[in-house]
Amino acid sequence: MPKFDRRPQQTRVAIQGFGNAGATLAQLLFESGYKVVAVSDSQGGIYAPLGLDIPSVQAHKNATRTMKAVYCEGSVCNLVEHRTITNAELLELDVDILIPAALENQITPANAAQIKAPLIFEVANGPITAAADAILQAQGCWVFPDILINAGGVTVSYFEWVQNRSGLYWSAEEVALQLKRRMVKETEAIWHIAQSRNLSSRTAAYVHALERLGETIEAKGTRDYYQGGR
């Protein structure tokens, strides 16, 4: 994360939600060298300050349907020192990145002041209420909003539409490359708007979206354009 001068190996991550999105993200972060110290599902979570072996945690959950901090070699899993925590406790951990990837309205005015993570990525839809968002911003917390973070799925759906319309079919590698290019481009645009106009990333994302919509409407011709042409 060059914009925040953080190296993966020194970056502690907590993920609330270990379903399709959360578990996949935990695996990707683990493979990239990030220290995933806490994960949780609907039953509760686990926290290991030295980091979790995510493939082993996933394998153990698949086999037992329970969350344990383990290290597995083959079918043998050994328990690793950890603390059992609730989903609410996970949100308030002293970590570098917090990722709510479960339910909406998880961070509210009741707990926003206790959030210690300086960076939050909204993988769930609407995990932070509007009132809590203002509290986090006042604390200096940088929130990457769901409108940006969750855009990947809809973008790939657009790619599928393009392929069906054109009769072209891309490989998984090409889809991943096109997705990365699009996501990096839009993230950079939102970052620039936020920095140049002193806005939160959520507001910057809305500004970017509205400007794009405005450009599209004008390209097709507005009411004022047609009336002026008469």
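Of all residues in the stretch 11-30, those that are without any contact (Cβ under 8 Å) to a residue 12 or more places away in the chain and of a type outside the set (Phe, Trp, Tyr) have Cβ atoms under 9 Å from Cβ atoms of residues that are outside any helix (DSSP H, G or I) and surrounded by 20 or more Cβ atoms within 10 Å (Cβ to Cβ), 6 or more apart or on another chain, in LEU28/TYR34.
Once the stretch 31-42 is narrowed to residues that are over 18 Å from ASN20 (Cβ atoms) and among the hydrophobic types (A, V, I, L, M, F, W, C), the residue that is surrounded by the fewest Cβ atoms within 10 Å (Cβ to Cβ) is VAL37.
Looking at the stretch 94-114 only, could you name the residues that are surrounded by fewer than 21 Cβ atoms within 10 Å (Cβ to Cβ), at negative phi and either not acidic (Asp, Glu) or not assigned by TED's automatic domain parsing to the domain that holds VAL13 (or both)?
Of the stretch 94-114, the ones surrounded by fewer than 21 Cβ atoms within 10 Å (Cβ to Cβ) are 94, 96, 103-105, 108-111, 113-114.
After this cut, where a residue has to be at negative phi as well, the list is 94, 96, 103-104, 108-111, 113-114.
Correct list: LEU103, THR108, PRO109, ALA110, ASN111, ALA113, GLN114.
ASN150 meets all of the listed conditions (1) surrounded by 14 or more Cβ atoms within 10 Å (Cβ to Cβ); (2) farther than 30 Å from GLN114 by Cα; (3) of a type outside the set (A, V, I, L, M) but one, namely (2). Restricting the stretch 67-93 to residues that are at pLDDT 90 or above and loosely packed, with under 15 Cβ neighbours inside 10 Å, the residue that is farthest from VAL143 (Cα to Cα) is ASN78. Listed by position, the helices (runs of 4 or more DSSP H) inside the stretch 124-230 whose residues that are out of contact with any Cys (no Cβ under 7 Å at 6 or more places or on another chain) and among the acidic types (Asp, Glu) number at least 3 are 172-197, 201-220. When restricted to residues that are of a type outside the set (Lys, Arg), surrounded by fewer than 18 Cβ atoms within 10 Å (Cβ to Cβ) and touching a strand residue (DSSP E or B) at 6+ places or on another chain (Cβ under 8 Å), the stretch 43-62 contains 6.
Applying the condition of being modelled with pLDDT of 95 or more and at positive phi to the stretch 1-59 and asking which residue is nearest to the chain's Cα centre (by Cα) yields GLY17.
The values are calculated or read from the model by the stated rules, or taken from the named source; none is laboratory data. Here the structure is a predicted model, which is why all the values come from computation and not from measurement. For neighbour counting, all protein chains shown are included, and Cβ atoms are generated from backbone atoms with ideal geometry for every residue, glycine included.
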